[in-house]
Ligand code: CA
């Protein structure tokens, strides 16, 4: 369940926000002081923080700074006046968005949703590699082209990831053997040729005229540097 921490000293406001957020399916934790909020943040590692600027204990700017030193947890700032908003933007403390009071709780819920979606998008970005017109999903061990799945064996997949991570770099057969299988025995380098041949057969539109994996004669292979597609 998605956890949201509200750090806000206006009890009535917390009540309203809590009720709206819970109706939207979020779990809510609350703190009425800045320092207490930071402790709860450490304990619960919420998915998002709604943070008031003027707080007893520790002000919102300091709370935000502390959180930012340790993580990218999305922060939605609540500010009482437009001048405060200028302050937040000017200081670039790392708040992801802000809402100026008085606000409609529906607006806050909408902003929360948008921030969580954005955060989820950023998390999954690192796991998917896009080279040429290929999409290589490292987590799922899957390769796609125009939404079509290309089935690869684990060795073929590893070879592709190794080469596609550094387009244009030439890899020797021994390097590819080691990178794709974790070990390299001299004399077995030629087995790479068989794997490359299979990889091309699955990947290339015309395996005889490879577009992704180029042969560098006398040396090895490289993933094409240009992404013509
Ligand atoms: Ca306040």
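Derivation of every value follows stated rules applied to the coordinates shown; laboratory data play no part. Note that the structure is predicted; figures quoted are calculated from it, not measured. When we count neighbours, we look across all protein chains shown, and the Cβ atoms used for this are built from the backbone with ideal geometry, even at glycine.
Structure notes:
- Angle of helix 191-203 to the longest C-alpha principal axis of the chain, folded into 0 to 90 degrees and rounded to 10: 60°.
- Helix 34-44 and the long axis of the chain differ in direction by around 40°, with both axes built from C-alpha atoms.
- In summary, the convex hull built on the alpha carbon positions of the range 128-223 has an orientation-averaged projected area of 5.8 nm².
- On the principal axes of its alpha carbon atoms, the chain extends 73, 32, 32 Å, with the longest extent given first.
- If you plug the beta carbon distance of residue 106 and residue 170 into 1/(1 + (r/R0)^6) with R0 = 41 Å, you get a FRET efficiency near 0.10.
- On Cα atoms only, tilt of 11-23 relative to the major axis of the chain in degrees: 40 degrees
- Computed over the range 3-120, Kirkwood Rh from alpha-carbon pairs, angstrom: 13.8 Å
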